[in-house]
Amino acid sequence: MDKRINEGIIDLNERKQKINEENIHILEQVRSILTIGKTDLITIQMCAGYFEVSISAIKMLISRHKDEFKENGLKVYSRKEINDMFSNDSDVILEKTDRYKDVLKSHHVTLEIANRGLSLMTKRTLLNIGMLLRDSEVAKELRYRILDIVHDAENGNGSIETVVNEIDEEKKLSMELGTAIVEGNLSKVVEITTKINELKNKRISELQPKADWFADFMAREGSYTSTQIAKLFNLSSAKKLNKLLYENRIIYRQGKNWLPYATTDESWYKLVVGNKDEFSYSQLRFTPVGIYGISKILNIKFTEEDLSKIA
């Protein structure tokens, strides 16, 4: 593998780890997260409450991306595992109602634990859901804040701490606002509300142009050939791109065709199969999600202007 690409992947992994840690912090600052007892575990109902959507919306999203969510902490815990996990947790009350189910009470939440178990997720799963969930203002705000962090980190502005500090300041102002409302200090309420809105909108307004074109691209339904992606990445040819994808075990060659490895995420590509002149053929095309994932692996950045080359 090209040394520069290898170094880029190592650097990317380090930055992804740092960004992920900060993203969890952002998740907690956007809104308080309710978990079970002293653990990091969250039910589907709690998740729906966090994002202010229906339970059915979360269940539908999970059914569509189950493998991805499992990799990020979603798990069905057996009745025995839950009993073992919470038996010594002072924040949890476990009641055995009958041979078929238990009842768990924690933070004003009551859960029935049947023999088939219970699906629980971590904060990382919650973050994953927030990146995919539509029709949720909470998820939208979370994505704006994360895009902001990634944008600043990739441009070397060193402002991840700045973003976190601004969110902490916003939380502090929200507490002061509550006090002002209780005290009936209307002038203070207006003053603090204005500060909160200015602080919240500051980062969003800075990121808005990037978020708009990037979000539009990621929402596209189409797929793209290696030639188009090579143009987007400013590479000399599709051959050069395919070589890089092969070296990173994304695709492999079988006869005259390039095919995805079994480990390549299925959401990254579409395999178009057909017949022409009595000969069968296949063409590998990549989705916007795949293009973005590949750009991260190859440590290649593309802009709105670059995107116009394949529009």
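The values are calculated or read from the model by the stated rules, or taken from the named source; none is laboratory data. Everything quoted here is computed from the prediction, not taken from an experiment. Quick reminder, even Gly has a Cβ in these numbers, built from the backbone with ideal geometry, and neighbours come from all protein chains shown.
Observations on the model:
- Filter result for T264 (closer than 22 Å to R64 by Cβ, of a type in the set (V, I, T) and either not in a strand (DSSP E or B) or not assigned by TED's automatic domain parsing to the domain that holds E71 (or both)): yes
- Among (1) modelled with pLDDT of 80 or more; (2) not in a loop (DSSP other than H, G, I, E, B) - the single one S280 does not satisfy: (1)
- Some residue of region 12-20 being among the aliphatic types (A, V, I, L, M), at pLDDT below 80 and surrounded by 13 or more Cβ atoms within 10 Å (Cβ to Cβ): yes
- Highlighted here are the strands (runs of 3 or more DSSP E) found entirely within region 36-143 that include at least 1 residues which are β-branched (V, I, T): 75-77, 93-96, 101-106, 109-114.
A quick yes/no check of all residues on (1) surrounded by 15 or more Cβ atoms within 10 Å (Cβ to Cβ); (2) aliphatic (A, V, I, L, M); (3) within 21 Å of E28 (Cα to Cα); (4) under 26 Å from the mean Cα position of the chain (by Cα):
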residue: H65; (1), (2), (3), (4): yes, no, no, yes
residue: I93; (1), (2), (3), (4): no, yes, no, no
residue: D102; (1), (2), (3), (4): yes, no, no, no
residue: T122; (1), (2), (3), (4): yes, no, yes, yes
residue: L132; (1), (2), (3), (4): no, yes, yes, yes
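- Residues being in contact (Cβ under 8 Å) with a residue 24 or more places away in the chain and surrounded by 13 or more Cβ atoms within 10 Å (Cβ to Cβ) - total across region 217-231: 9
- From D91, D84, residue being in the same structural domain as S119 (by TED's automatic domain parsing), of a type in the set (D, E) and at pLDDT below 80: D91
- Qualifying residue in region 221-232 (condition: out of contact with any helix residue (DSSP H, G or I) (no Cβ under 7 Å at 6 or more places or on another chain), within 23 Å of R143 (Cα to Cα) and not in a strand (DSSP E or B)): yes
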